[in-house]
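Scroll down for the structure; my scribbles are underneath it.
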Amino acid sequence: MRKTLILIFSFIAVNCKANKPDSIPWNHLVEQMQRFHNRETADSFITLLSPNFLKAVPSEKFRETHKMLKGQLGEWKKSTRRSVAGNNGKYLVEATSLKLLMDLYVDSSGKIEGYFFAPFNEEKKSAKVNAANPMRTAMDSLSDKQLREYLSIPGTKGVSAAFIDGEHTSFYNYSDGSEPMPDSLTIYEIGSITKTFTANMLAQLVLEGKMKLNDPINKYLPDSVKPQVFKDTAITVVSLSNHSSGYPEVPPTLALTPGFNMQDPFAHFSKAMLMHFLNHFKPYRSPGAKFQYSNLAVGLLGNLIENVAGAPYEVLLKKMITGPLKMNYTTITIDEQTKSRLASGHNDAGNITQPWNLAAFQAAGAIRSNMVDLVKYTRAQWDEKAPGFAAIKLTHQQTASDPAIGLGWFLLKKDGSDELITHNGKTGGFGSYLIFNPAKKKAFIFLFNSTTGSTQGKWMQPLLDTIR
């Protein structure tokens, strides 16, 4: 099968405010896409695209890619809605000679921010589920019920979960039977949970007096990078960590990177390219004014941390966090130990994916870990005797509102109940979700080797309710 064309896309699960699905006329939008595709009316299709899309792919370039896509797909015969979550809709597209899964992203006005196609493999879920669950407590029974519900979703493969309640931890491992059974040492890509590790590094450097949250980022960039300012307001260090810098989610020209590969999208985007982006980026709003989730911003923050600490990100990860916490399986590089324990990732179409390499964006989502290590990491979030606890506490201090966010972590505040602290993650073939209640010392952690259903869904909510 020929590779399908990628236009613009979003990577790594986001914890941002999203549109309500019912506020967007999804089916009408997709019907228009189908009609304009089949009529080869690129100019009509352009009216469906957002300003951000057209900044990244100008109209003339889009006309070329639209024609190329028409040649690849042939007639777009049918569209079937599979799921909608926030600003993302997934549709099964039936074309002349193949079926494809379309991921569609829209802005708050319903204009297309990006879309891409992946091969679709019809999958019928087996009733068989392999489970490692002691089934001794009410929590064991509830976890069994909800994790089986998750695995009933087409496209899901396996999941490792842990429930922490004070000094006690329950581990659960499930598989749909088509993949090797995971255990608590199985390694997954944790995606954007990496951002909380990056925030921890930042907090340590702040407490050591080597960085300041409100410093302009240019203080830690090469002199060759132009001032990163909007009017007279500089983009600051803290704005990179709390997603208020104004930088986009990913570089708009990412898909045009030489050597770009849809299976490993960040691999060829170098630090030099990131500096080039900064020298050509024109901020369009005041830093700190508005939340906009940005992998680019946190990736850049990791580069600043490297510049200050004088070592590569992965070396700092071991020195500052995983070493002191004895997280012996947490890494970025796939060495022999990691390779032997690494689960196979799967995309929404059910296809096995290759591991991601994030190059200049390691700080945004490159870490690989397992449940044993993430339990250690989570316990450290409330353990005053944990190494580096002062820095950990600093990452929990609110730095922005709407949504409430500290350094890296999202803060879920609800009247009459304890504050919950959380982050999730997604790469090309994996998903993750970590949420904890520091007051009650309770937490749930989930690791998935499929992107399907791997962010918070209805199946997960009964489990999350138990930690409030």
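Data for the structure
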| quantity | calculated |
| --- | --- |
| Per-pair calculated FRET efficiency, R0 = 45 Å: LEU92 and ASP215 via Cβ, rounded to 0.05 | 0.40 |
| Nearest-10 value in Å² for the accessible area of SER184, using the 1.4 Å probe | 20 Å² |
| Solvent-accessible ranking of ARG341, ARG39, ARG136, largest area first, probe 1.4 Å | ARG136, ARG39, ARG341 |
| Share of Cα-Cα pairs in the chain lying beyond 31 Å, as whole percent | 42 percent |
| Residue-span extension gain [LYS282 to ALA131] - 0.36 nm each, minus C-alpha spacing | 49.2 nm |
| Helical contribution to [θ] at 222 nm, DSSP H n ≥ 4, -39,500 (n - 2.57), averaged over the chain, rounded to 500 | -8000 deg cm²/dmol |
| The range 168-215: radius of gyration over Cα atoms, expressed as a fraction of 2.2 N^0.38 Å | 1.88 |
| 1.4 Å probe accessible area per residue over the range 83-192, in Å² | 40 Å² |
| Accessible surface of the range 116-232, 1.4 Å probe, proportion on carbon and sulfur as whole % | 53 percent |
| Charge dipole (the chain, unit charges on Cβ, about Cα centre) - positive-most of ALA203, GLY177, ALA297 | ALA297 |
| Only Lys, Arg (+1) and Asp, Glu (-1) charged, at Cβ; the range 262-330 dipole about Cα centre in debye | 220 debye |
| Probe 1.4 Å, protein heavy atoms only - accessible area per residue of the range 322-468 in square angstrom | 37 Å² |
| Anisotropy class of the range 184-275 from Cα gyration tensor, a/c 1.5 cut | oblate |
| Positive-end residue, the range 215-283 charge dipole about Cα centroid, Cβ charges, pick of SER244, LEU278, THR257 | LEU278 |
| Residue-level accessible surface for VAL229, protein heavy atoms, 1.4 Å, Å² | 50 Å² |
| Cut-off 11 Å, label 7 Å out along Cα→Cβ of ASN27, residues of the range 329-372 by amide N | none |
| Eligible lysines near LYS61 by straight Cα distance, threshold 30 Å, same-chain separation 8 or greater | LYS3, LYS70, LYS77, LYS78, LYS90, LYS99, LYS111, LYS226, LYS271, LYS282, LYS426 |
| Sparse-neighbour loop sites [trypsin sites (Lys or Arg not before Pro); the range 244-329; at most 15 other C-beta within 10 Å; DSSP] | ARG285, LYS290, LYS326 |
| With DNA, RNA and ligands ignored, accessible area of GLU314 (1.4 Å probe; Å², nearest 10) | 50 Å² |
| Cα gyration tensor shape of the range 216-319, rounded if a/c is under 1.5, else prolate or oblate by comparing a/b with b/c | oblate |
| Additional length obtainable on full extension of the chain from HIS168 to LYS414, 0.36 nm per residue less Cα span | 86.0 nm |
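The values are calculated or read from the model by the stated rules, or taken from the named source; none is laboratory data. Just so we're clear, the structure is a prediction, and the values are computed from it rather than from any experiment. A quick note on method: Cβ atoms are made from the backbone with ideal geometry, for glycine too, and the neighbour counts reach across all protein chains shown. These accessible areas exclude ligands, DNA and RNA; they are computed on the full protein's heavy atoms, side chains included. Shrake-Rupley method; radii C 1.70, N 1.55, O 1.52, S 1.80 Å.
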